[in-house]
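> Below you'll find the structure I mean.
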Amino acid sequence: MKKPTLVILAAGMGSRYGGLKQLDSFTEEGDTIIDFSIYDALQAGFGKFVFIIRKSFEAEFKENIGKKLQGRAEVDYVYQELENVPEKYIQPERVKPWGTGHALLMAKEVVKENFAVINGDDFYGKEAFAVMAKALKAMDTASYEFATMAYFLKNTISEHGYVSRGECQVDENQFLTDVTERTHIEKIDGKLMRKDNDGSFVPIDENTVVSMNFWGFTPNIFDFGEGLFKTFLENNQTNLKAEFFIPTIVNEIIKSGKATVQVLKSDSKWFGVTYKEDKKTVEQAIKALKIKGEYPKKLW
């Protein structure tokens with residue numbers, strides 16, 4: 001069985017954070033959050049890493065992150081740029097990236113094996129990678145048997161503003177039946193609320209199962225996703241802020257009856273940074289893990 005690949009979404013602009021959080025350090029040793037994902041993935045048995053980045057910070061990224069993998073695993077870089085769409089759909093005034101679904105499709109030419117995809121600015125934890133790697137190794141590469149790592153909403157909220165999460169519906173056999181991208185979930189007066197399509201706020205249960213963009217796929221996801229993206233582009237030619245999300249692809253492929261998505265659980269603690277104010281919490285959490293011995297003082 002070929003070792004699975006890890007695709008890391010690291011092309012984000014970090015507009016709410018105020019900078020490139022994927023390159024920011026969170027320890028005295030200068031570790032990024034991606035460093036911990038790479039470390040955990042190597043321990044779990046991932047054999048190849050694909051970084052989705054932008055050319056504007058390519059040199060810095062390769063120097064700070066990519067070179068740590070030399071001699072340890074195969075590495076590829078692909079680029080998510082605004083112009084990486086058919087020419088007729090290029091929007092010169094567009095500033096916002098095309099979204100995580102578009103980023104995923106950029107990896108098609110370099111990923112031919114089962115793979116996981118994660119955000120570059122989320123800390124998922126050692127056990128989460130081990131559980132996902134085991135699931136990927138058991139998948140038939142020609143199948144449409146996918147997986148996702150699930151978390152409870154209450155454990156993924158920032159105290160400093162709104163977040164985006166994929167709200168999941170799960171059946172009694174622990175398979176995903178629906179996932180909806182909620183682009184604005186916020187704690188207001190001590191209660192979790194999500195913004196509806198009309199802009200009004202609606203309560204959302206703190207124990208809602210959510211996706212943190214930790215997915216397990218076979219290469220079959222790419223062709224299906226490309227077809228959906230073409231439709232998306234056709235329908236959003238004048239919308240400069242529309243984004244194409246991975247949950248959109250997942251939801252449509254589930255509804256088509258073509259794929260199943262197993263919902264995986266892990267005891268790993270997730271944490272991440274959406275806002276600059278989140279940084280201190282993450283720094284303290286990582287420091288505690290190092291003190292406990294879950295990670296060596298120097299990862300590399």
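Values quoted throughout were computed directly from the atomic coordinates according to the rules given, and no laboratory measurement underlies them. Bear in mind that the values here come from a model prediction, so they are computed numbers and not experimental data. Virtual Cβ from ideal backbone geometry, glycine too; neighbours counted across all protein chains shown.
> Rounded to the nearest 20 debye, what is the charge dipole size of region 1-133 about its Cα centre when +1 sits on each Lys and Arg Cβ and -1 on each Asp and Glu Cβ? Don't skip to the end; give the middle numbers.
Numbers: 17 positive and 20 negative charges, 84 e Å.
That gives a dipole near 400 debye.
> Follow-up question, since we're still on this one. Report the convex hull volume per residue for region 67-111, counting only C-alpha atoms, in Å³. Kindly include the intermediate steps, with their values, before the conclusion.
Values: hull volume 4.6 nm³, N = 45.
Enclosed volume per residue, from the Cα hull, is 102 Å³.
> Next question. Given the convex hull over the Cα atoms of region 117-191, what projected area results after averaging over all orientations, in nm²? Could you put the intermediate results ahead of the total?
On the way: hull surface 26.3 nm².
One quarter of the hull surface, i.e. the mean projection, equals 6.6 nm².
> Region 238-300: which GluC sites (Glu not before Pro) are DSSP loop and have at most 13 other beta-carbon atoms within 10 angstrom? Don't skip to the end; give the middle numbers.
Details: sites: Glu243, Glu252, Glu277, Glu283, Glu294; in loops: Glu243, Glu294.
Loop-located and lightly packed - Glu294.
> So, one more: Arrange the following residues from fewest to most other Cβ atoms within 10 Å of their Cβ: Val110, Val85. Numbers along the way, then the final one.
Values: Val110 14, Val85 19.
By the 10 Å Cβ count, ascending: Val110, Val85.
> Let me ask something else. Starting from the alpha-carbon convex hull of region 210-266, give the projected area averaged over all orientations, in nm².
On the way: hull surface 18.9 nm².
Seen from a random direction, the Cα hull of region 210-266 projects 4.7 nm² on average.
> If each residue of separation counts as 0.36 nm, what is the full-extension length gain between Lys134 and Asp198 once their alpha-carbon separation is subtracted?
Working: separation 64, 0.36 × 64 = 23.04 nm, distance 4.13 nm.
Using 0.36 nm per residue and subtracting the Cα-Cα distance, I get 18.9 nm.
> Using only the Cα atoms of the chain, construct the convex hull and provide its projected area averaged over every direction, in square nanometres to one decimal. Display every interim value, and only then the final one.
Numbers: hull surface 62.5 nm².
Value for the chain: 15.6 nm².
> List the extent of the Cα atoms of region 161-300 along each of their three principal axes, largest first, rounded to whole Å.
50, 38, 34
> Right, here's the next one. Let me have the relative contact order for region 5-291, percent, based on Cα pairs under 8 Å that are six or more residues apart. Intermediate values should be presented prior to the final figure.
Numbers: 533 pairs, mean separation 74.1, N = 287.
RCO, region 5-291: 26 percent.
> Using the Cα centre of region 5-291 as the reference point, and only Cβ charges (+1 on K/R, -1 on D/E), how large is the resulting charge dipole? Debye, rounded to the nearest 20.
Details: 35 positive and 43 negative charges, 61 e Å.
Dipole about the Cα centre, nearest 20: 300 debye.
> So, one more: Pairs Lys154/Lys290; Lys134/Lys258; Lys187/Lys269; Lys195/Lys287: which are spaced more than 27 Å apart, C-alpha to C-alpha?
Numbers: Lys154/Lys290 25 Å; Lys134/Lys258 22 Å; Lys187/Lys269 20 Å; Lys195/Lys287 34 Å.
Correct reply: Lys195/Lys287.
> Answer with one residue from Thr260, Val75, Thr27: the one whose Cα lies farthest towards the positive end of the charge dipole of the chain, charges on Cβ with Lys, Arg +1 and Asp, Glu -1.
Result: Thr27, furthest along the dipole toward the positive end.
> If you average the alpha carbon positions of region 254-279 and of region 117-131, how far apart do those two centres end up, in angstrom?
Result: 9 Å between the Cα centres.
> To check you understand DSSP bridge types, tell me what percent of the beta bridges within region 5-291 (both residues inside) are antiparallel, rounded to 5. If you can, show how the numbers build up before the last one.
On the way: 27 of 48 bridges.
Here the share of antiparallel DSSP bridges comes out near 55 percent.
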